[in-house]
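Throughout, read-outs are computed from the coordinates displayed, never taken from laboratory work. All figures in this text were calculated on a predicted structure; none of them were measured in a lab. Quick reminder, even Gly has a Cβ in these numbers, built from the backbone with ideal geometry, and neighbours come from all protein chains shown.
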Amino acid sequence: MAIATFKIWRGNASGGKFVDYTTEVEAGMVVLDAVHRIQASQANDMAVRWNCKAGKCGSCSAEINGRPRLMCMTRLSEIPLDQPITVEPMHTFPKIKDLVTDVSWNYRVKERIKKFAPKPALADGTWRMQQADIDRVQEFRKCIECFLCQDVCHVLRDHDLHDEFIGPRFLLYNAALEMNPMDTENRLGDLKDSGGIGYCNITKCCTKVCPEEIKITDNAIIPLKERVVDEFYDPLRRLFRVFS
Amino acid sequence: MVFGQRAGEFAAKFAKAHSAGRIDHAFVEKVAQNALGPFDRGAAGENPFAVQHELQEMMQDLVGIVRVESEMESALGEIAKLKARAAQAGIAGNREYNNGWHTALDLDNLLTVSEIIARAAIERKESRGAHFRDDYPDKSEDWAKYNIRVSKSPAGDPKVERVPVKPLTDEHKQVIEENK
């Protein structure tokens, strides 16, 4: 049995500070287990949001030693225990209390995105798709909405452009709809304007922190950028539009 | 969808046939006071997480996979002790996202469910499905005739009753026969 020290951020919207907690840890524990142990024994009123403990609900997002991660999927065996482990709430969203942040901005952004508008069924009554098309969209549907990509994205985190940029999560969501061969809606104008896709400069931080290992930048954002450029910035098309 | 439609239809009928219920404000006030009790006792009260953890361990040990009457009887004694401690649960801080407070409020329900499980398991003196009793290891034909119903007695504690299983209707028998 080993002893580890956790520096956990305690506070609320009006401010806070790191508090040191020392606790026993055993083989097989994850950060969330340690946080729960501290909560049960030393800090009953500490706020932490969690549900599944299996990396599938996306509730326990936090920053562990400065890295955006799911607390339930971060094993203590992969962190050096000889120095204190910092655990703090996500920086990009308003703080509620301790490790819990208010992520409701994300839900409001999602509501603005044009819904799936399916084509009529094929003559035989089905919506048959090519397997390649299914696989492409299926990757995006692995998203658990932990919002770690939103947290790490400098456009939101450092430049605070929450009103002008929808963030990697919702570029991905747009991609899942746009690349669905059964969809009839066109979201390219929204992506360019209210979506702010041009703000993304492909630093790939979102891809790096994604616990579902979705290739957000390569498979979703870049193809969308290409479509937007094709639609609005292609000089030949522009010329064609002038004369038509 | 079938059940949703039925539920909606009969709820609407019921609502039309009855006027709105009267709210007992004194009762609401009492419930609210109870809910805030852990803050009055503060951090000096019982640790709600500790009570929850001990209840989990105790139920695992005494009313777990393999059950014996004597162990389940002693579980009832432990539940009574934990109930007394849960009534003294205290918590620091305020109502804002306070996991400890939520746990303190959960204790009541956890203890009620634990007691119902233990009492019903004591009543069923046979082994059936996931209910395995070391002291009654066999399935009993006689017990197949009863369900166990636990309801709230006027005094508030759980009342355990054997309710005869309704005989199969001819329609049910026919369905079973057709699917054999």
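In terms of surrounding Cβ atoms within a 10 Å radius of their Cβ, B:ARG128, B:ARG119 rank from fewest to most as B:ARG128, B:ARG119. Sites listed here are chymotrypsin sites (Phe, Trp or Tyr not before Pro) in segment A:88-159 whose DSSP assignment is loop and whose Cβ has at most 14 other Cβ atoms within 10 Å: A:PHE116, A:TRP127.
When you restrict to C-alpha pairs under 8 Å that are six or more residues apart and normalise by the size of chain A, the relative contact order lands at 17 percent. Each of A:PRO68, A:LEU81, A:SER41 was placed along the dipole of segment A:2-101 (beta-carbon charges, centred on the mean Cα), and the one lying farthest toward the positive end is A:PRO68.
Axis of helix A:222-232 versus longest Cα principal axis of chain A: the two differ by about 40°, to the nearest ten degrees. Based on the reciprocal of the average 1/r between different C-alpha atoms, the Kirkwood radius for the protein assembly as shown equals 27.0 Å. Of all beta bridges DSSP finds with both residues in segment A:2-101, what is the antiparallel percent, to the nearest 5? Restricted to segment A:2-101, the bridges split so that about 90 percent are antiparallel.
Listed by chain and number, the aspartates and glutamates whose alpha-carbon sits under 14 Å from that of A:LYS225, ignoring those within fewer than 8 places in the same chain, are A:GLU178, A:ASP190, A:ASP193, A:ASP234.
Relative to its Kirkwood radius, the Cα radius of gyration of chain A gives an Rg/Rh of 1.07.
Pairwise alpha-carbon distances in segment A:2-101 exceed 25 Å for 9% of all pairs. Sorted ascending by nearby beta carbons within 10 Å, beginning with the fewest, B:ILE148, B:ILE91, A:ILE134 become A:ILE134, B:ILE148, B:ILE91. A cut-off under 14 angstrom between Cβ atoms defines the neighbours of A:LYS204, and their net charge, with Lys, Arg +1 and Asp, Glu -1, is +1. Highest mean first, the peptides A:220-231, B:77-88 sorted by other C-beta atoms within 10 Å per residue fall in the order A:220-231, B:77-88. Look at the stretch A:33-45: the mean tally of other chain Cβ atoms within 10 Å of its residues' Cβ atoms is 4. With a Cα cut-off of under 16 Å and a minimum spacing of 8 residues unless on different chains, the lysine pairs in segment A:2-101 number 4. Shielding value for B:45-51 is 2, the average number of Cβ atoms from other chains within 10 Å of each residue's Cβ. Quick check: from the Cα gyration tensor, does segment B:1-74 come out rounded (a/c under 1.5), prolate or oblate? Verdict is oblate for segment B:1-74.
Cβ screening of chain A for cysteine pairs under 4.7 Å finds these without a partner: A:CYS60, A:CYS72, A:CYS143, A:CYS146, A:CYS153, A:CYS200, A:CYS205, A:CYS210.
Axis angle, to the nearest 10 degrees, between helix A:167-178 and the longest C-alpha principal axis of chain A: 40 degrees.
Of A:PHE232, A:PHE240, the sequence from fewest to most neighbouring Cβ atoms within 10 angstrom is A:PHE240, A:PHE232. Computed from the alpha carbon atoms alone, the convex hull of segment A:104-236 holds 123 Å³ per residue.
In chain B, Cα pairs under 8 Å separated by at least six residues give a relative contact order of 19 percent.
Think of each Lys and Arg Cβ as +1 and each Asp and Glu Cβ as -1; about the Cα centre, that makes the dipole of chain A roughly 360 debye. Its relative contact order, with pairs defined as Cα atoms under 8 Å and 6+ residues apart, puts segment B:22-111 at 43 percent. Here the convex hull built on the C-alpha positions of segment A:180-244 has a volume of 121 cubic angstrom per residue. With K and R counted +1 and D and E -1, the other residues having a Cβ less than 10 Å from that of A:GLU139 yield a net charge of +1.
The charge dipole of segment B:38-178, taken about its Cα centre with unit charges on the Cβ atoms of Lys, Arg (+1), Asp and Glu (-1) only, comes to about 380 debye.
Compute the signed sum of charges (Lys and Arg +1, Asp and Glu -1) over the other residues within less than 14 Å, Cβ to Cβ, of B:ALA144. Here the charged neighbours net out to +3.
Phi angles of segment A:195-206 translate, via the Karplus equation with coefficients 6.51, -1.76, 1.60 and θ = phi - 60°, into HN-Hα couplings of x, x, 4, x, 5, 5, 10, 6, 7, 6, 4, 4 Hz per residue; Gly and Pro are given as x.
In sequence order, segment A:157-164 has phi-based couplings of 5, 9, 9, 6, 8, 4, 8, 10 Hz under the Karplus curve 6.51 cos²θ - 1.76 cosθ + 1.60, θ = phi - 60°, and Gly or Pro positions carry x. Quick one: grab the alpha carbon gyration tensor of chain B, order the square roots of its eigenvalues as a ≥ b ≥ c, and give me rounded if a/c is under 1.5, else prolate or oblate depending on whether a/b is larger than b/c. Oblate, since a/c reaches 1.5 and b/c is not below a/b.
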